[in-house]
Amino acid sequence: MSEKIDLGQRAWLEYIIDWLPSAEADNILSVLSEELTWVERSIIARGKVVQQPRLMAWAGELPYLYSGQVLEPQPMHPLLNELGERLSDHYGIAFNHVVANLYRDGRDRVGFHADDEPELGYEPLIASLSLGVSRRFVLKHKYKSRRKNINLKHGSLLMMGGACQHRWYHGLPANPAIVLPRINLTYRSLRGAPGWRAPREEDPRKRHRG
Ligand SMILES: O=C(O)CCC(=O)C(=O)O
């Protein structure tokens with residue numbers, strides 16, 4: 001079942017609750033929990049070095065500048081590769097990078113941010129797969145007091161497209177009542193290494209002005 005959500009101003013979401021059959025999602029959750037190399041990374045937040053409140057893994061042939069850190073190229077686990085190929089075939093774009101987040105329980109979270117790195121191009125398509133316990137995903141408009149909540153279920157796919165990353169932040173707040181883990185796989189199509197810039201002709205604001 002697929003639901004398309006128009007956020008206005010050329011920003012949209014598509015939520016496919018049953019992208020993965022439940023038995024397959026169970027298997028992927030268990031294999032990736034065991035076989036990915038999960039790391040706890042430090043980041044600089046408000047001038048201080050702090051541990052990220054979740055574990056991470058990533059893969060792709062290009063380095064990716066993410067949350068102020070460079071994620072160096074890493075080989076893709078065959079299962080991550082297969083899931084990425086299915087997304088690429090379906091959406092007709094090459095998803096060549098994945099960040100995996102392991103939220104050990106409801107205390108783990110990700111703060112509000114946008115996937116708006118220039119290396120993703122002007123209006124990137126971001127594919128986010130959820131495995132494990134359901135968690136509330138929150139979108140917050142960058143300039144208006146608008147919010148949108150989505151309960152991301154086991155085996156679901158959330159696509160963020162159009163101007164979503166330019167107009168909205170997204171995050172996954174803590175919920176200490178949750179005791180079970182969740183894995184999120186966020187696939188992106190990286191156009192180049194850090195420093196790469198899309199040609200100006202690709203700017204949709206320019207194209208829409210004709
Ligand atoms: O866990 C999620 O659903 C969101 C992850 C996310 O926003 C990210 O990795 O950039």
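Laboratory data are not the source of any read-out in this text; all were calculated from the coordinates shown. Given the structure is predicted, the values throughout are model-derived calculations rather than measurements. Backbone-built Cβ (ideal geometry, glycine too); neighbour counts: all protein chains shown.
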key: Close pairs (8 angstrom Cβ cut-off, 6 or more residues apart or separate chains): at negative phi in the stretch 88-103, in a helix (DSSP H, G or I) and away from the ligand (no atom under 16 Å from the Cβ) anywhere   = ALA94/SER88; PHE95/SER88
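This table checks each residue for (1) without any contact (Cβ under 8 Å) to a residue 24 or more places away in the chain; (2) over 17 Å from the mean Cα position of the chain (by Cα); (3) assigned to a loop (DSSP other than H, G, I, E, B).
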position	(1), (2), (3)
ASP116	no, no, yes
SER128	no, no, no
VAL179	no, yes, yes
ASN184	no, no, no
task = Can you tell me which residue within the stretch 109-125, out of those that are within 20 Å of LEU55 (Cα to Cα) and of a type outside the set (Lys, Arg), is surrounded by the fewest Cβ atoms within 10 Å (Cβ to Cβ)?
result = HIS113
key: Complete set of residues in the stretch 76-95 that are away from the ligand (no atom under 16 Å from the Cβ) and touching a helix residue (DSSP H, G or I) at 6+ places or on another chain (Cβ under 9 Å)   = MET76, HIS77, LEU79, ILE93, ALA94
message = Being surrounded by fewer than 14 Cβ atoms within 10 Å (Cβ to Cβ) and over 18 Å from GLN74 (Cβ atoms) is the filter here; which residues of the stretch 28-41 pass it?
response = SER30
request  = For the stretch 104-127, indicate whether the set of residues that are more than 15 Å from the ligand (Cβ to nearest atom), small (Gly, Ala, Ser) and farther than 23 Å from ALA25 by Cβ is non-empty.
outcome  = yes
request  = Count, please, the residues in the stretch 128-146 that happen to be touching a helix residue (DSSP H, G or I) at 6+ places or on another chain (Cβ under 8 Å), near the ligand (Cβ under 10 Å from one of its atoms) and hydroxyl-bearing (Ser, Thr, Tyr).
outcome  = 0
key: Selected residue (only one of GLY155, GLY171 is surrounded by 14 or more Cβ atoms within 10 Å (Cβ to Cβ), outside any strand (DSSP E or B) and among the small types (Gly, Ala, Ser))   = GLY155
query = Going by the conditions given, is ALA198 out of contact with any strand residue (DSSP E or B) (no Cβ under 8 Å at 6 or more places or on another chain), in a loop (DSSP other than H, G, I, E, B) and away from the ligand (no atom under 13 Å from the Cβ)?
reply = yes
request  = Output the residues belonging to the stretch 130-148 that are in contact (Cβ under 8 Å) with a residue 24 or more places away in the chain and in a strand (DSSP E or B).
outcome  = SER130, LEU131, GLY132, ARG135, ARG136, PHE137, VAL138, LEU139, LYS140, HIS141, LYS148
message = Just the residues that are charged (D, E, K, R) and touching a helix residue (DSSP H, G or I) at 6+ places or on another chain (Cβ under 7 Å), please, taken from the stretch 111-127.
response = ASP115, ASP116, GLU123
inquiry  = Checking LEU190 against (1) touching a residue at least 24 places away in the same chain (Cβ under 8 Å); (2) farther than 25 Å from GLU3 by Cβ; (3) surrounded by fewer than 21 Cβ atoms within 10 Å (Cβ to Cβ): exactly one of these is not met. Which one?
reply    = (3)
